[in-house]
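All remarks here apply to the structure that follows.
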Amino acid sequence: MNDAKRLDTIFLAGALLGISVMLSGCASEPGGAPTGLGSPQNQYSSGGWLGKAEASGELTAQDVADLNYIRHEFERTQVGKNFRLELYPIPEFPNFYYPQVIFYSTLQKTDYYITFRIILVETITTSYVPGSAGYRDAWKISYWDYTDPINQEFTQDSNWSQESTERTADALRRLCTHFQARGIDADDKMIAEFAKEAEAWRALPSKPPMPEEARQHVVLSQNALNEKNVDRATNELMAALKIFPTWPEGWYNVALMAGELHIYGGAALDMRRYILLNPDGPDVQAAKDQILIWTDKTKHK
């Protein structure tokens, strides 16, 4: 494979355990008109915390109502404070964002993130916890996200009533379902755009060599991997792909790395890019099977 050779075929799983990095293809983490929490009205004041997302129309009226209700309940019960909504743009689609709520957890004494795209909707549950020494009885909401390498359960406890707990859980389910569906739509659009580039590249009678700048990033990526600096290795490999996006083996490696890190949506997306560039490869069926497995992991615990 010369300069396009796979980096040791796979980024070693042993070097990846317990390490979390952001990949440029982190998507597909994940319809209808959900009901509950009344009509889609802004029942609680935003107070500006939704920022440009609300002003630009990125959020539906139901999104605004659900986000404000969750914030209201968390603050009322002193579970969290200092809420803000951050939007992470997708470079290929300037008008699309991944929303994420950040708040200060009064229980954990640190900032906490609610990333709707990686929460397994089916795991959002409510339950009652009897009081014990030093702890009062409480209703709680629990959920899992699929990127957690040890599948640790996240729980919010408070003096919620059963009704308010159920309403908060319903709001969270709607937000996750909506934003995950939008994420899948964005992934499909990205793949459709990439398919055009891949088709044009495959039609070339002679494939252009990897640019020197990209090759240097690959060398640095391999060296970082040898030094067990997976964060640097990932960044260097992504830098190479930004310069040389028609490198099949690069996408293959990034997909494997994302899978090892439990970033299953990104793994599936990047493996789709690999298949578009190498549709007749001997491992295409295995790659498709792995996409199926990764996609399933974004939906089920």
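The values are calculated or read from the model by the stated rules, or taken from the named source; none is laboratory data. Because the structure is a prediction, the values reported are computed rather than measured. Cβ coordinates were reconstructed from backbone atoms using ideal geometry, including for glycine residues, and neighbour counts include every protein chain displayed.
Within the stretch 274-292, does at least one residue satisfy the condition of being acidic (Asp, Glu) and buried (at least 20 other Cβ atoms within 10 Å of the Cβ)? Scanning the stretch 274-292 turns up no residue that is acidic (Asp, Glu) and buried (at least 20 other Cβ atoms within 10 Å of the Cβ).
Here ALA200 fits the description: under 30 Å from THR246 (Cα atoms), at pLDDT 90 or above and aliphatic (A, V, I, L, M).
Scanning the stretch 284-299 for residues that are under 15 Å from GLY250 (Cβ atoms) and either modelled with pLDDT under 95 or not assigned by TED's automatic domain parsing to the domain that holds ASN253 (or both) yields a total of 0. Candidates in the stretch 226-240 are the residues that are among the polar types (S, T, N, Q) and part of a helix (DSSP H, G or I); of these, the one that is surrounded by the fewest Cβ atoms within 10 Å (Cβ to Cβ) is ASN226.
Checking ALA181, ALA214 one by one, the residue that is closer than 26 Å to HIS72 by Cα, among the aliphatic types (A, V, I, L, M) and under 29 Å from the mean Cα position of the chain (by Cα) is ALA181 and no other.
Residues are listed down the side, and each one gets a yes or a no for (1) modelled with pLDDT of 70 or more; (2) in contact with a Lys or Arg (Cβ under 9 Å, 6 or more places away or on another chain):
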residue: TYR69; (1), (2): yes, yes
residue: GLU86; (1), (2): yes, no
residue: PRO89; (1), (2): no, no
residue: PHE93; (1), (2): no, yes
residue: TYR113; (1), (2): yes, no
residue: GLU122; (1), (2): yes, yes
residue: ALA133; (1), (2): no, no
residue: ASN159; (1), (2): no, yes
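Looking only at the stretch 245-253, decide whether some residue is among the β-branched types (Val, Ile, Thr) and modelled with pLDDT of 95 or more. Yes; the residues of the stretch 245-253 include at least one that is among the β-branched types (Val, Ile, Thr) and modelled with pLDDT of 95 or more.
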